[in-house]
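Engineer: Here's a structure for you.
The values are calculated or read from the model by the stated rules, or taken from the named source; none is laboratory data. All figures in this text were calculated on a predicted structure; none of them were measured in a lab. No Cβ is skipped: glycine too gets one built from the backbone with ideal geometry, and neighbour counts run over all protein chains shown.
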Amino acid sequence: MKEVDEMYVHKFRTPELMVVDEQELEEDRAYLRAMYPMRAKLILVMVEDACDRLEYEGSPMFAVYPDKVAMFSIAKKIYEKICYKDADETLLHMIEIMVCHEFYIRRCRYRKRRKYF
């Protein structure tokens, strides 16, 4: 009987449990991001700021197929703001990856909240 109860909890989670899971994931993500090199942390702040401005209902961030050109233009603007002396195309690619990853995280969070609330 206890196995059935556990199966029910895992299979049919309540929204309250999903929020707890999301909080744990966010804490883990923050912990791992604290290990980023200093330059990556500074870039991440800029990426998060740009994504914050796009996080609204009906945003292109939450489109079924986000626009690749728009995503990479965000990265290009951040790259141009940084203007490190030793900056090369590799840094631009890293910023593009960070933008894509941030889009992914926010899209997942958006879907979870929309599904349960």
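Engineer: Across region 82-97, which residue is modelled with the lowest pLDDT among those that are in a helix (DSSP H, G or I) and of a type in the set (D, E, K, R)?
Structural biologist: Residue satisfying both the conditions and the ranking: Glu89.
Engineer: State whether one or more residues within region 98-108 are touching an Asp or Glu at 6+ places or on another chain (Cβ under 8 Å), among the hydrophobic types (A, V, I, L, M, F, W, C) and part of a helix (DSSP H, G or I).
Structural biologist: No: region 98-108 contains no residue that is touching an Asp or Glu at 6+ places or on another chain (Cβ under 8 Å), among the hydrophobic types (A, V, I, L, M, F, W, C) and part of a helix (DSSP H, G or I).
Engineer: Hey, another quick one. Being assigned to a helix (DSSP H, G or I) and in contact with a Leu (Cβ under 6 Å, 6 or more places away or on another chain): is that true of Tyr79 here? Before you say what the answer is, go through the steps one by one.
Structural biologist: Details: assigned to a helix (DSSP H, G or I): yes; in contact with a Leu (Cβ under 6 Å, 6 or more places away or on another chain): yes.
Answer is yes for this residue.
Engineer: Looking at Met18, Met35, Met71 in this structure, which one is at pLDDT 90 or above and in contact with a helix residue (DSSP H, G or I) (Cβ under 6 Å, 6 or more places away or on another chain)?
Structural biologist: Met71
Engineer: Continuing with the same structure: Within region 40-61, can you find the residues that are assigned to a helix (DSSP H, G or I) and either among the polar types (S, T, N, Q) or closer than 13 Å to Glu102 by Cβ (or both)?
Structural biologist: Correct list: Ala40, Ile43, Leu44, Val45, Met46, Val47, Glu48, Asp49, Ala50, Cys51, Asp52, Met61.
Engineer: Here's a follow-up. Output the number of residues of region 36-77 satisfying the condition of being among the aromatic types (Phe, Trp, Tyr), in contact (Cβ under 8 Å) with a residue 24 or more places away in the chain and under 21 Å from Arg109 (Cβ atoms).
Structural biologist: Summing the residues that are among the aromatic types (Phe, Trp, Tyr), in contact (Cβ under 8 Å) with a residue 24 or more places away in the chain and under 21 Å from Arg109 (Cβ atoms) in region 36-77 gives 1.
Engineer: Among the residues of region 78-117, count how many are under 17 Å from Leu44 (Cβ atoms), surrounded by 12 or more Cβ atoms within 10 Å (Cβ to Cβ), free of Cβ contacts under 8 Å to residues at least 40 places away in the same chain and not β-branched (Val, Ile, Thr).
Structural biologist: Qualifying residue count, region 78-117: 8.
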